[in-house]
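A quick write-up on the structure given underneath.
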Amino acid sequence: MILLSYATLTNSALTLSSSKVPVLPSPAKRIPRPLTLYNETIVDQYHWMHQLSEDPDVLSYIEEERKYTKAWIKQSGIKKLQKQLNWEIASIQEQSGRINSLELDEDEMSTEPHAAYQWSFDRKKPRPVQLEGTQFWDLDRWRYWLDSSTGDFGVYKRRHLPRVAQLWDMMDSGEPLEDDVAVTTGARMPEVDSSRRTTRPKFVGGCGRVPTKLQDNPNPGNLGSGVEVILDVDRLAKSLKKQYPDSKFFAFGSIEIQPKYTVLGKSDQGGEEDENHSSDENLYRVESVMQGGKPVQLFMAFTFDLSGDERYTIRIAKLGDEDKSLQNDEWDSELVLDNAGPDTVWVKHGRSLYLYYTKIDDKGEPREVWRVKVASRSGKLGTTPGNLSVPECVMAERNARNVVAIRRTSDSRFVLIESSDQVSSHTFFLSVDAPRKGWNLIRKEQKDVFYTVEHHSGYFYIKTNVGEAQNFKVVRIPVAFDPRNSQSNPWERESSLEDPSLAPPVEETVIEYDPRELIAHFEVFVEHFVSWIWQLIRLTPYNPETNVATALPGVSRNWEEPLKRDFYSTKLVFSNSSFVQPWAVYEFDMHSLTGEDWIPMTNDSSEEKKDEKIQKATRLLCQEVFPLGVQYGGSSKGSSKWPARQPHCDNAGSHDAAKGHGRKKDWEGVSHFKEMRLMVNSTHGSERTDQPIRIPVSLVYYDLPGQNFPRPAFVSAYGAYGTLGSAMFKPAQILPLLHRGLIYVEVYPRGEGNLGQDWYRDGKLESKRNTFYDVEDVLLHLRDSGMVSRESVVIEGRSAGGLISGWIANRWGEVEDRVEVTPADHVDPTQNIVREMVKVVLTQVPFVDVISDMVDSSIGWVEYEWNEWGSPLESEKIFEVMKSYSPYDRVQSQPYPAMMIQGGLTDSRVSYAEPLKWVAKLRSIDGKTNDCQSVPKESALKKKMCADKDDTPLLLQMEDGGHFSGDPALWMAFGLHQLGHEDVVTSPHRVKVVA
């Protein structure tokens with residue numbers, strides 16, 4: 001009844017045969033907003049949609065789109081499929097436990113020579129344990145970790161690590177460490193004798209339970225067995241929900257524990273307040289956490305976001321008072337800092353303890369560093385955070401293209417403020433041992449020179465692309481203080497970066513530039529330097545003249561959740577996964593490589609011996625379990641209950657343990673999932689090289705004997721910012737698709753960084769269209785290889801990947817093919833491979849309105865983004881290129897594929913207005929409000945954007961949250977429904993083992 005009445009009021013052209021048929025939203029109003037560049041005028045009819053707070057029609061239109069999407073979902077029947085997929089995703093997450101090798105007896109361990117690298121299934125069933133997972137770090141004899149086995153957000157916990165004499169005793173007594181001398185003298189780190197080899201403990205208990213001898217805890221927590229809860233994020237979320245009932249969003253940011261060396265000791269008491277109280281004669285003195293026989297109170301700071309706009313709130317609490325603080329719904333307002341970024345750092349200045357943090361400006365960018373005094377021994381403040389000082393700004397970045405971040409070096413000797421845009425960076429440092437020397441600039445800022453910094457023994461180690469090192473090299477320079485900084489900060493002096501009186505420091509090469517390798521990241525430890533080469537890890541001692549040895553070939557790093565490091569450890573902990581190999585955490589003994597191992601080896605047998613030695617020194621700490629026990633299809637029928645929460649490894653690790661199924665059976669089940677790595681030929685060359693262009697692609701599918709290919713496919717691509725895409729284990733996103741017969745494909749086109757910086761630069765600025773051509777070439781290969789059937793591809797792109805989705809949507813209805821196809825490619829120039837292969841386009845928080853955004857510097861991140869996309873205000877060539885690919889500007893009267901588009905109302909990275917305007921413009925092409933040329937009536941390709949059974953759906957799902965909001969089950973359900981592949985093609989209970 002309501003829908004019929006609504007249709008009458010809006011004079012909809014849709015004839016309703018049933019109340020179940022949804023009604024299209026009313027056409028959005030049109031207010032021309034002309035933009036003239038280079039004697040050409042572009043008219044944007046929907047720019048008014050950016051004014052959410054000023055124009056009530058924006059919200060009205062959003063609500064109409066929401067109602068239409070809800071009605072379409074109900075009418076189409078995909079709500080049931082969405083519910084089923086949500087059930088499956090929840091089951092997958094419940095069953096993704098971890099197996100701890102250290103909980104197995106020696107006779108239970110695999111004897112395979114490469115067991116440390118492989119996901120070994122030939123073990124007996126492990127005992128159920130509570131694992132710490134991959135998010136853990138060690139600090140001051142404590143191991144901290146996030147236990148994600150319960151609740152939606154997890155619980156942060158800690159337990160004591162065993163005491164190691166020597167190093168930690170020296171730290172507790174305040175005795176200077178051996179390498180403290182090097183900090184002031186600039187000398188090389190002295191040779192470390194064998195007695196120092198065990199500086200910090202092995203992973204006692206690994207990722208698992210605490211051994212009995214460690215369960216005596218001087219600070220008993222509420223869990224027993226030496227384990228304490230420090231922050232229950234689930235309880236925090238519920239508490240905040242009561243305080244802010246209108247908030248529909250919650251995201252946890254980060255947690256920062258106060259290090260022991262920042263404790264205010266007795267020697268800090270009395271006298272006038274002076275943050276420069278420290279003297280060089282007492283560098284890095286560590287106060288004992290026991291004063292007068294009682295433990296000294298430490299603090300923690302944690303951040304969270306209640307809107308999705310990534311403006312974090314910081315709360316400061318006593319470490320160990322988690323229960324008390326979270327039971328109270330009311331928080332002291334003085335403990336709260338708003339509009340902050342996620343970065344926080346504890347710093348001791350003389351007699352005062354400060355929390356440094358980044359702050360978000362009016363445009364949503366972190367462009368300032370602030371600090372607040374939390375505690376003082378001068379008597380002006382107490383040792384509790386109840387009386388915070390007034391926050392003060394430490395640095396405000398003047399360059400509108402730059403954003404800032406703050407962190408410590410791994411050895412905790414320096415606090416760093418990093419200021420960067422897309423292609424350049426510079427870093428300021430503050431010595432925690434001598435804060436009176438002020439903030440200093442490490443290297444002067446240079447155009448198109450990017451660098452990241454670590455410190456060791458009086459030297460800054462720098463990864464940089466200076467010179468011709470576009471894939472980066474590593475150098476080191478001695479720490480140098482600018483004497484003027486005791487009076488003023490370097491960013492306050494306009495001439496500080498170009499002062500000729502400051503001689504550049506002498507530079508030594510640590511890792512020479514190799515154009516065949518990309519240095520993605522590097523780390524420093526007390527005795528070792530580790531560089532992470534893309535798809536290769538190299539280790540070297542601290543000696544620039546030493547040749548670099550190759551270790552652990554082929555290991556991938558978990559870049560999304562990096563393992564936090566202990567600077568004093570001699571163990572390298574890293575993680576690895578693939579589409580079908582669950583995340584595993586390994587530990588490598590860096591002392592296993594002796595001096596002879598650093599000599600380059602050209603003999604293959606020598607390489608094999610060294611590789612065998614490396615493998616023996618590597619052990620598996622823990623690994624997630626492949627969720628084989630999920631009931632795909634039908635498991636939620638007749639029930640509204642979610643899967644019962646199971647112990648983290650009990651049910652998931654054993655898979656019907658009561659029936660005695662072993663790991664060998666599990667391995668046979670997993671073996672049906674096949675993954676491949678392809679290099680696809682490109683039909684477009686590069687101005688940077690004459691060599692053939694080959695596009696990296698990863699894919700995975702479930703092996704169905706006798707009916708493998710061709711199949712439908714879910715193709716995902718991003719293609720921007722030089723990201724290093726890889727085939728990671730993400731079962732909740734992939735397994736529901738594979739069990740319905742789809743191939744999951746990830747494309748790493750130009751614009752990403754997989755093949756080095758040239759690969760990145762070939763997909764940005766004037767060369768941006770190469771990103772889209774690469775995706776089309778992959779579609780062509782999937783067809784010609786016989787792997788994927790025609791009209792059966794779902795294309796998905798998120799954020800900057802929305803440009804790919806938008807390009808595909810516009811290309812779908814075009815008749816003419818792209819240019820630059822050579823005869824050698826054997827490609828029919830009249831074909832449209834996108835139309836031939838693609839059935840559905842999905843995109844979340846898409847960046848699609850390129851020109852309108854890049855000319856408006858009032859929009860957050862625009863100036864920062866100019867180095868990625870270019871500024872049409874400064875370059876006519878950039879303007880012309882943007883016109884040729886900007887999805888919003890290329891909308892025209894033509895057929896479009898089935899599309900589901902999602903936006904976030906509080907998204908600070910991609911405005912909600914982009915997907916909203918795009919949908920409004922797409923809806924206008926049906927002839928009622930056409931701002932493009934009409935399609936001839938005789939055109940057989942013409943389809944309306946409405947909800948009749950034979951028409952093409954266009955749906956907008958506008959979420960209340962930010963950049964990472966949305967329901968993946970809905971997107972999957974829409975795509976599967978349009979493909980006609982809702983049904984599971986494997987067993988609804990578990991993978992069948994085929995002999």
Checklist entry - Restricting the search to the stretch 672-691, which residues are over 23 Å from S767 (Cβ atoms) and either open to solvent by 70 Å² or more (accessible area, probe 1.4 Å) or free of Cβ contacts under 8 Å to residues at least 24 places away in the same chain (or both)? => result K674, E675, M676, R677
Item to check | Test: V548 is touching a helix residue (DSSP H, G or I) at 6+ places or on another chain (Cβ under 9 Å) and modelled with pLDDT of 85 or more | outcome: no
Checklist outcome for this item: Residue hits (the stretch 872-889; assigned to a loop (DSSP other than H, G, I, E, B) and surrounded by fewer than 18 Cβ atoms within 10 Å (Cβ to Cβ)) are L873, E874, S875
Checklist entry - Can you find even one residue in the stretch 946-955 that is modelled with pLDDT under 60, open to solvent by less than 50 Å² (accessible area, probe 1.4 Å) and under 18 Å from T843 (Cβ atoms)? => result no
Next on the checklist: Within the stretch 448-455, does at least one residue satisfy the condition of being touching a helix residue (DSSP H, G or I) at 6+ places or on another chain (Cβ under 6 Å), part of a loop (DSSP other than H, G, I, E, B) and modelled with pLDDT under 95?
Outcome noted: no
Checklist outcome for this item: Taking first residues from the stretch 578-595 that are on the phi > 0 side of the Ramachandran plot and second residues anywhere that are modelled with pLDDT under 85, the pairs with Cβ under 7 Å that are 6 or more apart or on different chains are none
Next on the checklist: Just the residues that are outside any helix (DSSP H, G or I) and farther than 17 Å from I795 by Cβ, please, taken from the stretch 711-739.
Outcome noted: Y721, G722, T723, L724, S726, A727, M728, F729, K730, H739
Next on the checklist: Looking at the stretch 894-917, can you tell me whether even one residue there is open to solvent by less than 10 Å² (accessible area, probe 1.4 Å), of a type in the set (G, A, S), closer than 21 Å to I851 by Cα and modelled with pLDDT under 90?
Outcome noted: no
Checklist outcome for this item: Out of (1) open to solvent by less than 10 Å² (accessible area, probe 1.4 Å); (2) in contact (Cβ under 8 Å) with a residue 40 or more places away in the chain; (3) touching a Lys or Arg at 6+ places or on another chain (Cβ under 8 Å), the one Y459 does not meet is (1)
Next on the checklist: I'd like the full set of residues that are touching a residue at least 60 places away in the same chain (Cβ under 8 Å) and open to solvent by 80 Å² or more (accessible area, probe 1.4 Å), limited to the stretch 39-51.
Outcome noted: none
Item to check | Out of E527, E445, E517, E468, sole residue that is in a loop (DSSP other than H, G, I, E, B), open to solvent by 10 Å² or more (accessible area, probe 1.4 Å), over 28 Å from Y760 (Cβ atoms) and at pLDDT 85 or above | outcome: E527
Checklist outcome for this item: Expected output for the stretch 52-77 (first residue within 21 Å of T952 (Cβ to Cβ), partner modelled with pLDDT under 95 and open to solvent by 60 Å² or more (accessible area, probe 1.4 Å), Cβ below 6 Å, 6+ apart or cross-chain) is I73/K79; Q75/K20
Next on the checklist: Given the criteria among the hydrophobic types (A, V, I, L, M, F, W, C), open to solvent by 20 Å² or more (accessible area, probe 1.4 Å) and within 30 Å of the chain's Cα centre (by Cα), does F450 qualify?
Outcome noted: yes
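The values are calculated or read from the model by the stated rules, or taken from the named source; none is laboratory data. In this text the structure is predicted, and so the values were computed from the model without any measurement. Reconstructed Cβ throughout: ideal geometry from the backbone, glycine too, with neighbour counts over all protein chains shown. Heavy atoms of the whole protein, side chains included, go into the accessibility calculation; ligands, DNA and RNA do not. Shrake-Rupley method; radii C 1.70, N 1.55, O 1.52, S 1.80 Å.
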